[in-house]
Structures are given as C-alpha cells and as structure tokens.
Amino acid sequence: MKFKNELERQTFEIAQRVCGDAAFIEHNKTLRIEVATSPEVASFVGPPKKEIDVITAGFEQSPDFKILISCKEYGRSKAEPADAQEWAAVVKTMNRYSGGTKYLGLLVCPSGFTSGCEPWATSHNLGVIPPLKGKRLSFPADTCLQMFERTLTALNNRLYFQHDNLLEAPQFYEFVYHLTEAFEGRDESAREHGERYRLLGKGWLSSFSELFKTFKGKAVQEIKTTSVGVYISFSDALTFRMIDGTILFGDDDGKVDGESVSLVCEKNFMGEPCSTDFLKKLVLGQRVTSAGDWGDRFEFGLTDDLILAVEPQRLQVYRTRNPVEENLL
Amino acid sequence: MNDKPILVNARRERIDIDDLIERHRSDSHRILADDEVGLVMYVGDLDIYTVTGFGHPETGDPPPDASGCWVQKVNEVSIVRFGSSVRRQIGSVVKSLSADSVFVIRDGDALRKVRAIDLKPGMVLRTGEKVYW
C-alpha cells in the first residue's frame, strides 16, 4: 500500500489497530458537489468534482457510524480555514449520499491550525488534532499521533452508549478537544522534570504532585538499601524507589534489585552519623504529611515532626520541632 | 487546593469523582481513556452535573434549583495527571480551576474561548458571571 507521507501511514496504522478491517484508505477519491457555489465549497478547485485522500474509520459495534480522517502534512505551516471548509464540505457531501451511514470529520495536522479554523471546525462539528488552545497550537508529530489514537480508542468505547448527540455541532469537536487538551500539560511536565518521576508497572511519566497525592497519609513500613537504589515500602502496598536520579513509585510488586548494602545514615540537620536501625526506629510507622524534591535529594515530611531525606547514597533523619537544640535526635 | 470538578447527582448531592470512577471502573467501555495523560469516563447516562456557580452575580437571579447551585449536565468526567491549578474569583465564588479548563467569554458582540489561566479581571463569561481576579 502506498502512502502520501509518513503522517498518513502512521495515522492509518493507528486506525487499523483500533478499528481493524473497518479502517481503510482511499487516494484520489472523487466527490461530486451538488452546489458548487455554496460557501462551504468555496475552497474547492474546479467544482463540481473534487479529489480527496481519506482514511475512513468504522466501528464494529456501530457499523453505520464512520469517521472521515484527513491528514495534513504542511511542514511548518498551519492548516488554514480553507482546509476546515473543504473537509466540512466533504463530510457534508458524504452524509448526503450515505444511504444511512453517519459520517463525522476529523483533521490531523501536527503543525497546528490557525485560529480562524475554530469557527469552521465548531460550526461544522469537525474534530481537530492537535486541539486549538490558547497557548500552544503545534505539537510534535508523535504527540499528535498519540492524540489521534486516544481519540479513536475513546470513540470506539463511546459508541457503546447513546451517541446521536455527537452528530450535533459542536459535540464531536468538543469530544475530541476534551480528549486531547491535556497532552500539553504532559509535554510541559516532561520538559520541566524530564524522567525524574515514573509510575511503576505502567511506566507512565509522572509528576511531583501525583507522587505526593499517592503518599500523603501513608505510613513508612520498611526501608531497604541495595547496590541498585533505595527501596521504601509504605502502607496500602505502595513503594517508593530512588534509583540514581529517577524516582519510581506506585503499587509494590515486591521486586528489589541488587545486593543489600549499607548506606551512609545521618541524624539531625547538621548530619551526624547514626546507624540504619536508629533511623528506621524513628521513621517506621510514621505517616507522610509533606514532601519536597531538591533535585538530588527527596524529603518526606513525617508525623512526629520528622523529615526523612533520601539521596541515592545517603539517608538522613531530623526533627523540625523548635527549639532545635532541645529536640536533637 | 483541589483541581477536581465539583460534581452532583440529579438530587444535587455531592459526588466524589474518585468514588464515581471506582464504582464504574469495571464497565470497560465507560472508561474512554486511562493512560499517561489521565482518565476520561463517560457519564452522559448517569445524570451527573457539574456545579458552575452560586447565584447570578450580575442580576442576582435566584439559582435554578433549591440547592443554590447553577448546574450543567456533563457527558464525560476526567482526571488530568499533569494539569496545574489556578485560583480565580468568578462571580461570587473563589474557585480552584484546572489551568487548562476552557471558559467562553463575551468579547463585544462575539464569544471567545480562553483558558482559566488567561482569565483576566473584568472579563464576563457567556453565562454573565464576571471575573474579579
């Protein structure tokens, strides 16, 4: 099978992955437009005939419902209102002669859309990927393909429920927007924190705020130090692992890599040597009340006014109760 | 600070979004997305509403129901794993909002979409509520 560009190939592969044989691609498909002078087809060159490239995605549970997908690979240029107008006309024409099949339109253009596209997309109920947002209008192609897969997978599930309302403008536009808008936050977090936080099991990128939400109120149950990293078990079968500069956390699978080693343990703010048992005796059973990440050092605020600081090669415990001199450990 | 939406059922009783999701998680088709970006669940058939304000800030009109809330039916609820929050006073209420959430504001004779983080004092929402800060 030949593709016009890499974007089209990858988009089609995703459609096939989600929709199976109900996804197909047509190049130079000829459409005939009934009223060539209508505003919707103003962008057509040489009406009443129009040749289009289209990926059609169908759904097993709702055979009369299909998505018409147009891939726009424009390099650095954004898609213009004419692109939205054209696809609106294509979808309208397909619906007119569909014999009962209901079509919705989706435009994918990684370089983004000019803001003038939004009124056309909303009034004609076209989904647009990436979403038209206030700050960022273009995204890497990989992110756009992830958005597309998320949208198509979600729609596949959504069609198990009543879905006629998706045909009313701008419900489908909003549906696609709702599923794609959050990618910006994920990409920003990746830029800001890199690979610092990862969710165990799923391997998903994570964030400090999600880490704190996970551990807030949970009690420290065990601390193990190995040649690979620091493993801390918490109540509710949760684990926190510092391995080099990466923090892995989430449901505890019980895995502990490497050989058991003794790390440097210190007490009090000035860092006096102490034994691992001394540190454990203080922190085991205490619950997390706060947290802080200093880049090379992660701190858990615990009940009993304790701070447990974790570094790849060092553990430290100190009490924050005032006056400091009277509350040394 | 809480970036979860305020949800109520048809009887205008408060619903916790985490409980709602756990209650329906076994219905795999209802979970539209659950991935690195977050979770989206379809609730269009469950009579779930989101609270959009308390009383009308300009006209003083009483709220449309006895509980004192303006509510709007929702089709999908979502938990965003990377959203940031902002605090804004809209109408008479100070809210914690996801920075990404979209508001429709009046712009002369037209309507315009802005994100919560871009809401400015003096803007008036489509619903008539004024942004104070």
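When the range A:156-166 is examined, which residues are found to be in contact with a Phe, Trp or Tyr (Cβ under 9 Å, 6 or more places away or on another chain), more than 8 Å from every other protein chain (Cβ to nearest Cβ) and not in a loop (DSSP other than H, G, I, E, B)?
Across the range A:156-166, the qualifying residues are A:156, A:166.
For residues that are touching a Gly at 6+ places or on another chain (Cβ under 9 Å), surrounded by fewer than 23 Cβ atoms within 10 Å (Cβ to Cβ) and not small (Gly, Ala, Ser), scanning just the range A:102-125, find the one that is farthest from residue A:176 (Cα to Cα).
Residue satisfying both the conditions and the ranking: A:124.
The conditions are (1) among the β-branched types (Val, Ile, Thr); (2) surrounded by 14 or more Cβ atoms within 10 Å (Cβ to Cβ); (3) modelled with pLDDT under 90, and residue B:104 fails exactly one of them. Which is it?
(2)
Within the group A:82, A:88, A:42, which residue is surrounded by fewer than 20 Cβ atoms within 10 Å (Cβ to Cβ), among the hydrophobic types (A, V, I, L, M, F, W, C), modelled with pLDDT of 90 or more and in the same structural domain as residue A:159 (by TED's automatic domain parsing)?
Among A:82, A:88, A:42, only A:82 is surrounded by fewer than 20 Cβ atoms within 10 Å (Cβ to Cβ), among the hydrophobic types (A, V, I, L, M, F, W, C), modelled with pLDDT of 90 or more and in the same structural domain as residue A:159 (by TED's automatic domain parsing).
Please indicate, with yes or no, whether at least one residue in the range A:187-198 is touching a residue at least 40 places away in the same chain (Cβ under 8 Å) and within 22 Å of residue A:303 (Cα to Cα).
no
From the list A:174, A:184, A:210, A:118, pick out the single residue that is over 23 Å from residue A:8 (Cβ atoms), charged (D, E, K, R), in a helix (DSSP H, G or I) and not assigned by TED's automatic domain parsing to the domain that holds residue A:70.
One residue alone meets the criteria, A:210.
Conditions (1) at pLDDT 75 or above; (2) surrounded by fewer than 16 Cβ atoms within 10 Å (Cβ to Cβ), marked per residue:
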site	(1), (2)
B:13	yes, yes
B:26	yes, yes
B:64	no, yes
B:67	no, yes
B:73	yes, yes
B:77	yes, no
B:87	no, yes
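Answer yes or no as to whether residue A:132 is within 13 Å of the chain's Cα centre (by Cα) and either of a type outside the set (S, T, N, Q) or more than 21 Å from residue A:65 (Cα to Cα) (or both).
No: the conditions fail for residue A:132.
The values are calculated or read from the model by the stated rules, or taken from the named source; none is laboratory data. These figures come from a predicted structure and were not determined experimentally. When we count neighbours, we look across all protein chains shown, and the Cβ atoms used for this are built from the backbone with ideal geometry, even at glycine.
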